[in-house]
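The values are calculated or read from the model by the stated rules, or taken from the named source; none is laboratory data. What you see is a predicted model; the values in this text were computed from it and never measured. Using ideal geometry, Cβ is built from the backbone for each residue, glycine included, and neighbour counts are taken over all protein chains shown.
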Amino acid sequence: MDLGIANRRAAVAAGSAGLGLATARALAAEGVSVAICGRDRGRIDAALAELGPSARGIVADLSDPEEATRFAIEAAAALGGHLDIVVANAGGPPPGAASTTAMSDYRAAIEMNCLSTIALCNEAVGPMRAAGWGRVLAITSIGARQPIPFLAASTAARAATTAFIKTLATEIAPDGVTANTIQPGSHDTDRIRKLAGSQSDRLRAEIPVGHLGDPADFGSIAAFLCSAQAGFITGASLIVDGGASRGLQ
């Protein structure tokens, strides 16, 4: 299925690994010119080798929201025009329970996972609105919908991001720009493998489909939410978790 986004320009934050890279791959496969960012130049270069000659890589640390703004500006310049698609994404905060996580860890999580998203969107959506077309997608977590007890800082920050995207979606919809979140469960990424450790079998047993998610499948779903066909989907939060979350909403 042709997603109708060939020759569009996309910035994928934290796109050098994990679900960010999977999303960048899926967009590039649709003919989108993609810029990614990450903290490690070596990982960025390895990702660019996969994404093809039209991809661009920018070193940026999203723990600082000003770096997210810079990424949006430099991505647009590197791709030769305003951004049509922005995928907000960042690394996950360290584990910790709600009552024992330090305030500094909550603050860092909100800076990286919420404020960096706000900064990225605020820089990119103006030109999208002026052009009458755009796609904003934030990769969050099922923790924004169903709290994860050992990831309290992540849960708080992702929920705040979801609220921002929902509010933004209403504002920009009349201008042809959509804004959605995609909420991954456990996928076969380095972060999930580190978090699960020796408990990987138990983690798989808690997923009704019986296995971790395939990052490539996730990327395809994310790319669809950025497609021409997804123009009537906005303000939505799509769970991609193999049935792991149990809530009705």
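Among the residues making up region 87-127, those that are outside any helix (DSSP H, G or I) and either closer than 16 Å to THR167 by Cα or in contact with an Asp or Glu (Cβ under 7 Å, 6 or more places away or on another chain) (or both) are ALA88, PRO93, PRO94, GLY96.
I need a count of the residues in region 210-249 that are free of Cβ contacts under 8 Å to residues at least 40 places away in the same chain and more than 14 Å from the chain's Cα centre (by Cα). Within region 210-249, residues that are free of Cβ contacts under 8 Å to residues at least 40 places away in the same chain and more than 14 Å from the chain's Cα centre (by Cα) number 9. Within the span defined as region 20-28, every residue fails to be within 12 Å of ALA223 (Cα to Cα), among the aliphatic types (A, V, I, L, M) and at pLDDT below 95.
Inspect region 189-212 for any residue being under 21 Å from LEU27 (Cα atoms), among the hydroxyl-bearing types (Ser, Thr, Tyr) and in a helix (DSSP H, G or I) and give the result as yes or no. Scanning region 189-212, I find no residue that is under 21 Å from LEU27 (Cα atoms), among the hydroxyl-bearing types (Ser, Thr, Tyr) and in a helix (DSSP H, G or I), so the answer is no. Any residue at all in region 15-33 that is of a type in the set (D, E, K, R) and under 16 Å from the mean Cα position of the chain (by Cα)? Yes, region 15-33 contains at least one residue that is of a type in the set (D, E, K, R) and under 16 Å from the mean Cα position of the chain (by Cα).
Applying a threshold of 6 Å to beta carbon distances and a minimum spacing of six or more residues, or different chains, the list of pairs starting in region 31-60 at a residue that is free of Cβ contacts under 8 Å to residues at least 24 places away in the same chain and ending at one that is surrounded by 24 or more Cβ atoms within 10 Å (Cβ to Cβ) and aliphatic (A, V, I, L, M) reads LEU48/ALA55; ARG56/ALA35.
Filter region 1-38 down to the residues that are part of a helix (DSSP H, G or I) and either among the hydroxyl-bearing types (Ser, Thr, Tyr) or closer than 17 Å to GLU123 by Cα (or both) and list them by number.
Of everything in region 1-38, just one residue is part of a helix (DSSP H, G or I) and either among the hydroxyl-bearing types (Ser, Thr, Tyr) or closer than 17 Å to GLU123 by Cα (or both), namely THR23.
Mind listing just one residue for me: the one in region 213-239 that is out of contact with any Leu (no Cβ under 9 Å at 6 or more places or on another chain) and aliphatic (A, V, I, L, M) and, of those, farthest from ASP84 (Cα to Cα)? Only one residue fits best here, namely ILE239. Candidates are the residues of region 162-212 that are of a type in the set (Lys, Arg) and more than 30 Å from ALA131 (Cβ to Cβ); the one that is modelled with the lowest pLDDT is ARG193. Restricting attention to region 52-86 and to residues that are assigned to a helix (DSSP H, G or I) and of a type in the set (Val, Ile, Thr), the residue that is surrounded by the fewest Cβ atoms within 10 Å (Cβ to Cβ) turns out to be ILE73.
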